[in-house]
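First the structure, then my questions, so here it is.
Rule-based calculations on the coordinates, nothing more; no lab input. Note that the structure is a prediction, hence the values are computed from the model and not measured. Here the Cβ is made from the backbone with ideal geometry for all residues, glycine too, and neighbour counts use every protein chain on show.
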Amino acid sequence: MDVSCVTLKGVPHDRHLRPQPGRPLARGRAARARRTDRRAVARRQRDRSRPRAGDALRNPPPIPPEEIHVGHPWQAHHKERDAAAISHHYDVSNDFYRLVLGPSMVYSCAVFEHRDDPLTQAQANKLELICRKLALAPGMRLLDVGCGWGSLVIHAARHHGVEAVGVTISSEQAELARKRVAEAGLAGQVEIRVQDYRDVCDGPFDAISSVGMFERVGESQMRTYFGQLHDLLRPQGRLLNHQIGRTPGTRRRFRRQRARVHPRGFVHRYVFPDGELHEVGTLVSALQGQGFEVRHLESIREHYALTLRHWVANLEAHWDEAVALTSEGRARVWRLYMAGSAALFEANLIQVHQILAVHAADGVAAMPLRHAWDGDLRTPRPG
């Protein structure tokens, strides 16, 4: 035996394990080769069964039925497109919204005088605060843009004696709003229309409210929106615009960000198609650019976080019924959307403001030197 081919432990050098030309493999070496081949085949089979980066593109999962499709984002904010987007969001089920929102049926930020106030009282507080800021009085004519299920126009007519017109582009909302108006005995004072704000032409109105609707207007229609409301409002008339907005951000990429909700994001695909959030300074400039004078601005961000926590609690307390009215997927979408939004308000990543503006004519705004709408909101009174 050639000692040069032996290790210190007596194991042959591995070059003698390789097949030599003209010499068959030894029995042990042939078995090891077969085991290696089997392992290679098994490895290839495992590799083929593993998901690859491109598999999701070649074989995408089915689109969930809860996903909303209204068209390309750049085609947003035309009348027909807005009606389709509103229908997807609001025509889910009036009974579903009643479970979530409670008996007040108000789908916007409540106003809490104390953190432990019941949601119904906090929503009544918000309705009364709006009426006071608009200085509503008997005989005045109010236009509520995006009236929802009619809660504000009912409150304004019942407690402040106004004649009110509420417009919405959701047929299901309008049907229930008309029923609620009739049940309140206010059919002679309140009119509910299925109508786009761009089609309202029977001004002037003494006051205009827009609560939780501006997020659907869009940057492309902002001048049209405020211009239309200015034309519908009499001189010295007041406008209250209540809207969610975004913070301006400090980093360059946030300063450049567009207001449009990301077209592939969760909110656009499942909750608010075509929604846009604007920084409040943009709104103030747009209002004044269309002839309004902004007189008061109030942030109620913390109040929306409290409101959303109440809505989440309502949904979870009636989970089985909510699922039966819609679907488990839709109920899960709403729970995630509302809980996530509450966290965003708490972290000051999104905000909500009430902006009070007046149609000042020849420098006359007809506003008091100091406002008088604060105080106990549980007792309706003039602003």
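Please state the relative contact order of region 144-236 as a whole percent: Cα pairs under 8 Å, 6+ residues apart? Mind showing how you got there, number by number?
Working: 128 pairs, mean separation 28.5, N = 93.
It comes to 31 percent, rounded to a whole number.
Additional query: What does the charge count near R378 come to, summing +1 for each Lys or Arg and -1 for each Asp or Glu among other residues with Cβ under 14 Å from its Cβ? Can you show the working numbers first?
On the way: positive: K126, R132, R381; negative: E113, D117, E128, D374, D376.
Counting the neighbours of R378, the net charge comes to -2.
How far apart, in nm, are two points set 7 Å out from the Cα along the Cα-to-Cβ line at Q288 and at I63?
4.4
Cβ under 12 Å from A110's Cβ, A110 left aside: what net charge do those residues give with Lys, Arg +1 and Asp, Glu -1? Write out the running numbers ahead of the final one.
Working: positive: R115, K126, R309; negative: E113, D117, E128, E302.
Around A110, the charge tally is -1.
Still on this structure: Using the alpha-carbon centroid of each, what span in Å lies between region 175-201 and region 282-328?
Using only Cα atoms, the two centres lie 22 Å from each other.
At 7 Å along Cα-to-Cβ for each site, give me the label-to-label distance between A339 and D116 in nm.
Between A339 and D116, the label points sit 2.6 nm apart.
Using per-residue counts of other Cβ atoms within 10 Å, averaged over each peptide, order 238-248, 180-190, 220-230 from highest down.
238-248, 220-230, 180-190
Order 281-287, 170-176, 213-219 from most to least packed using the mean count of other Cβ atoms within 10 Å.
On the way: 281-287: 16.7, 170-176: 18.6, 213-219: 21.0.
Result, highest mean Cβ count within 10 Å first: 213-219, 170-176, 281-287.
While we're on this one: Can you sort Y97, Y337 from fewest to most other Cβ atoms within 10 Å of each residue's own Cβ?
Numbers: Y97 21, Y337 18.
Listed from fewest to most nearby Cβ atoms, that is Y337, Y97.
Please work out the FRET efficiency for the pair Q195 and L297, using the Cβ-Cβ distance as r and a Förster radius of 25 Å; give the result to the nearest 0.05. Let's see the in-between values first.
Working: r = 29 Å, r/R0 = 1.14.
Efficiency at R0 = 25 Å is approximately 0.30.
Among residues other than L134 whose Cβ falls under 12 Å from its Cβ, what is the net charge (Lys/Arg +1, Asp/Glu -1)? Before the final figure, lay out each step's value.
Values: positive: R132, K133, R141, R238, R295; negative: E128, D144, D206.
Computed value for this residue: +2.
Placing +1 at every Lys and Arg Cβ and -1 at every Asp and Glu Cβ, with all other atoms neutral, what dipole size does region 161-205 have around its Cα centre, in debye to the nearest 20? Please report the intermediate quantities before stating the final value.
Numbers: 5 positive and 8 negative charges, 19 e Å.
The calculation lands at about 100 debye.
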